[in-house]
Structures are given as structure tokens and as C-alpha cells.
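Written out below as C-alpha cells is the structure these notes cover.
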Amino acid sequence: MSGLMGKVAYKPVGMLLGIGAGLLAGVIFKQVWKVAAGDDDAPDATDEERGWGEVLAAAALQGAIFAVVKAAVDRGGAAGVRSLTGKWPH
């Protein structure tokens, strides 16, 4: 694949992987929050009954999990494309 063609061909794959990564990160976050906080529901930013510390801790944990899962899925997708095509997607 040429540079532009490779980028265009990988776009739909990358989008699907991104959606999957978001869903997977959400599931992982819910499980980690249950263990870490002993609570089935993570606080929302507008949850009046939850304090600032709990809301910000939940947001930080959720962001970190999302970033790690997305990076792992993106990297795995790129490696998969390389194994199929012989070229790393850019």
C-alpha cells in the first residue's frame, strides 16, 4: 500500500478499533471502580451527593484506563495490519 492509500485503508479499521476500545475501557473501569471504591456506580461529575475528591479520582482513573486500552488496541491493530500487508499503517 502506498502512504496515502495505506492511511485511507486503515481509517475504517482504526475507527472500529476506537469504538471497541472505548467499550472495553468502560467495562474495565466499572470493574476496577467496584474493587477500588467498593461501590457499583462510579460518580458522575454532576452527582450532588459525591465529593470533589471522589469525582476527580473516578475521572482520573477512567481517563488512565481509557488511554491505556486505546493505546493497546491501536498498537495491536497496527501490528495486525502490518502482518497482513507487510506495511505499518501511518
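The values are calculated or read from the model by the stated rules, or taken from the named source; none is laboratory data. Since the model is a prediction, treat every value here as computed from it, not as a measurement. Note that we place each Cβ from the backbone using ideal geometry, even for glycine, and neighbour counts take in every protein chain shown. Side chains included, ligands, DNA and RNA excluded: accessible areas come from the protein's heavy atoms. Shrake-Rupley method; radii C 1.70, N 1.55, O 1.52, S 1.80 Å.
Could you please tell me which pairs satisfy a Cβ distance under 7 Å, a separation of 6+ or placement on different chains, a first residue in the stretch 43-67 that is basic (Lys, Arg), and a second residue that is open to solvent by less than 90 Å² (accessible area, probe 1.4 Å) and modelled with pLDDT under 95?
Arg50/Pro43
Does the stretch 35-78 hold any residues that are under 22 Å from the mean Cα position of the chain (by Cα) and surrounded by fewer than 12 Cβ atoms within 10 Å (Cβ to Cβ), and which are they?
Val35, Asp40, Asp44, Ala45, Ala60, Ala71, Arg75
What residue, among those in the stretch 79-90 that are open to solvent by 60 Å² or more (accessible area, probe 1.4 Å), part of a helix (DSSP H, G or I) and not aliphatic (A, V, I, L, M), is farthest from Lys11 (Cα to Cα)?
Ser83
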